[in-house]
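First comes the structure, then the notes that go with it.
Each value in this text was obtained by applying a stated rule to the coordinates, not by laboratory testing. What you are looking at is a predicted structure, and each value in this text was computed from that prediction instead of being measured. Cβ sites come from the backbone with ideal geometry, for glycine too, and all protein chains shown count toward neighbours.
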Amino acid sequence: MSGVNSQPAATRQNAAAHAPATANAPSGMLPLRFILTGVLALAVGMVWVAARPDVLTTYHYNQYVIALTHLFVLGWLCTVVMGAMYQLVPVALETKLHSERMAKWQFVFQVVGFAGMVWMFWIWDMKQVGHFGSALAVGVGLFVYNLARTLLRVPRWNVVATAVASGLFWLSLTILAGLSIATAKCTYESAETLAATSVLGAMIHGLRSLAMFMARFDQLGAMHAHAHLGVVGFFIMVLVGVSYKLVPMFTLSEVQSKARAACSVALLNLGLAGAGATILLRSPWKPLFALVIIAGLAVYGWELTQILRARKRRPLDWALRYFLTALALLVPVSLMGAVLSWPTLPLNATTGQLENVYGFLGLIGVSSFAILGMLYKIIPFQVWFTTYSQHIGRSRVPALADMYSARWQAAGYWLFAAGLLVTSLATFFSHAAGVRLGGLLLTLSVGTFIVNVAKILHHLVRPRITPLSLKPRPGVPTDTSPAAMSGSSSPKAENAFAV
Amino acid sequence: MRERIIELDVRDDLRRGREPFSKIMLTVAQLKAEESLRLLAPFEPKPLFAVLAQQGFSYVSKALDSGDFEVLFSRHAASLKEHAPAGRDAAQSSPPAIVELDARGLEPPQPMVKILEAVETLPIHAQLHAHTDRRPMHLYAQLEARGFTAHSEEQSDGTFITHVRRK
C-alpha cells in the first residue's frame, strides 16, 4: 500500500469567501507619494506656528489662520488620509481599488489645489481660492468616485465600510460647503454684461445666485459648520471606522460588539447631520446634537476599551501609544465642544481663545497625533512590502521594527505631547512666546518623525538583503526551512509524530 | 549521483513506549544533501509527513507484509519514483501531501512572511494549508508571482484557511 494523507478541513463553504489570486492593494508608491507630501505640509505648518504664534493668540477668523488651517487640513490631513485610504480600504474590506490611474490623477489635483488655496488664502484673493478650490474639488470628486466604486465591490458590508462611505459623503459635502462659502465672498460684476444664455454667462449667473443664497447665512456659522463637517465627518469618522480594523489587527484582538461599533458610527452620523445644520443656522438646538456626537464617541471609546482589554498582545508599541493618546484627547475636545455649543455663550476674548484651543486640539491633538501613530505602521509596511516582498523566504529581510529608531519614535511622542500641552495653554492665555515654544516642540517632534521616515525610505534606495544560508553546523546539511531558520522545531512539530 | 539511504527503525522504540520523534529529527538533521531516510515504524506516521515536508522532503510510504510501514523520505522527488511500489508513481498518482501552517495569533506582516517562507520549501506535489486570522490580501499577488495559486476559505470561527499549490 502506498499513500499520502489528506486532511479535509471542516470548512463553511461560502462562495463569496473565495478570493482571487490577484493584487488587491495599489502599488506601494501610490500611497507613499500622498503620505510624503502630507508630511512635508505638516512640517511647514509646524514651522509656521512657531514662526507666527499670532495665528493662535488672536481670534481665528482672519486670512492667516484660514491659510494655515487649510495647510493642515488639506495639505497634511486630507492628503495623508487619502493616500492611506487607497491602501487600507481595499485590503481592510477584502476588495480591489477601482482605479490606480484615477488615484494618480487625483494626486496632481490635490497638490495643485491645496497649495494654491493656501497661497491665495494668505494673500486673500478669494476668486483664486475658488479656482484652486475647484481644482481640488475635481481631485476629491475622483477620490470619492474611485472609493465609491471600490466600496461597491465589497463582498460583505460591515461597520468599516459604513464608516468609509459616511466619510466620503461628509467629505463631498464639506468641499461643496467650502466652495459655496468662497463663492459668497466673491463679486460678480461681469454678470451685468454677460448674457445668461452663454456658457460662461450661465456659470457666472449661477455663481452669483449661489452667493446670494449663501448671504442668508451667518458667515462665522457657515465656516464652523464647514469645519465640523470636514473634521468630524471625514477625519474622525474614518479614524473610527478604520480603527475597528487596525486596532484589533495590531493588538491581536477582535471587535467585541458589532452592534456597539455600528451604534458609534450611526450616532456620529446622526449627530453630525444635526450639528451641521444647527451650527450653520446658529440654532439653540446645537448642544443636543453636540451631545449625540459625544455619545457616539463615548460608545466608540467603550468598544475600543473592550477591544484593548481582550487583546492577546499585551505591550502597546509606540505607534499605538500615539494613536490611543490622540483618541484620549477626544475627552477634553468633546467637553470643550459641548461648552462652546451652548447657544447663549457670549463671544468674548476667553471664549474666542477657547475656540482656538478647541480647533487646535481637534486638528493637531486628535487627528494629527493619531495619524502620526498610524503612519508608523503604514509607511514601514509600504516600504518594506515594496522593497522586500519578492525576497521573503528566499533571503533574509529586515523586520518592520528594524527599519526605524524606536528611540526617535519615543522622543517624538513626548515632544508632541509636550508641544500640545504648552501650545494649548499658551493659546488659551494668548501668550505668544508660549505658543512659539509649543510650536518649536511640535516642530522638533515632526523632525524626529522625518528622521525616522528617512531611515525607512533609505531601504528603497539600499535594501538590506542577506542570503539565507546559515553557517553550517558540523554534519548538518544547509537547510533553509523556516524551522531551521528559527533554530528549532516548532512546538507543533515536536508533537506531530506522537499524534 | 545515486542517493545513499540511511535506515532508521523506530518499531522497537514505540513498542517499548519510547517517543521516537527526537531520534528521527536528529537523524534527519544529520542527513547530507544526497542522503535519504528509510523509516520503519509499526504504523504509518502521517503527522511526520507534514513536518518533514516543511524541510523539503517528499516521501513514499508502503505497508510491509508484517503490517509495519516503510517510509522513504528524500529531498529529491525524482529518486522516490524508483522506490514507489510497482505500477504506482507516488508523486503522480497519490493525492497531494498537505503541509499545515498555523499563522494565527501573529501581528501583520508575520503571517505573510511565514507563508512565503513555507512555500519556498514546499515539496513539488504538496499543498500548503495556511491558517490565518484574516484573509491574507497582500499574499495572493506574491504567490501568483512565485507560480502558485491560492484561494481562501473562511471558517466558522472567522479565521481563514488559504490553500496554496503550484500552478
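Here are the numbers:
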quantity	calculated
Of A:Gln63, A:Pro53, A:Leu288, farthest towards positive along the dipole that unit charges on Lys, Arg, Asp, Glu beta carbons give the protein assembly as shown	A:Pro53
Neighbour-limited loop hits for trypsin sites (Lys or Arg not before Pro), the range A:230-263 (at most 10 other Cβ within 10 Å; DSSP other than H, G, I, E, B)	none
Kirkwood hydrodynamic radius of the range A:189-314, from inverse mean 1/r over distinct Cα pairs, in Å	17.3
Ranked A:Trp122, A:Trp48, A:Trp414, A:Trp384, criterion: other C-beta atoms within 10 Å, fewest first	A:Trp414, A:Trp122, A:Trp48, A:Trp384
Nitroxide proxy distance, nm - points 7 Å out along Cα→Cβ at A:Ala148 and A:Arg464	4.5
Share of alpha-carbon pairs per 20 Å distance bin for the protein assembly as shown, given as whole %	17, 43, 25, 12, 3, 0
Neighbour-count order for A:Arg314, A:Arg436, fewest beta carbons within 10 angstrom listed first	A:Arg314, A:Arg436
At R0 = 45 Å, FRET efficiency that the Cβ-Cβ distance of A:Arg156 and A:Thr193 yields, to 0.05	0.20
Exposure proxy ranking, count of Cβ atoms within 10 Å, fewest first, for B:Lys167, B:Lys62, B:Lys23	B:Lys167, B:Lys23, B:Lys62
A:Ile123/A:Ala454 FRET efficiency (R0 25 Å; Cβ-Cβ; nearest 0.05)	0.15
Charged-residue dipole, Cβ positions (Lys, Arg, Asp, Glu), chain A about Cα centre, Debye nearest 20	1320
Label-point gap, in nm, between B:Lys167 and A:Asp402 - each point 7 angstrom along Cα→Cβ	3.1
A:Ser257-A:Ala349 pseudo-label distance in nm [points 7 Å out on the Cα-to-Cβ vector]	4.7
At R0 = 51 Å, FRET efficiency that the Cβ-Cβ distance of A:Trp302 and A:Ala202 yields, to 0.05	0.45
Cα-centre dipole for the range A:25-156 with unit charges at Cβ (Lys and Arg positive, Asp and Glu negative), debye to 20	440
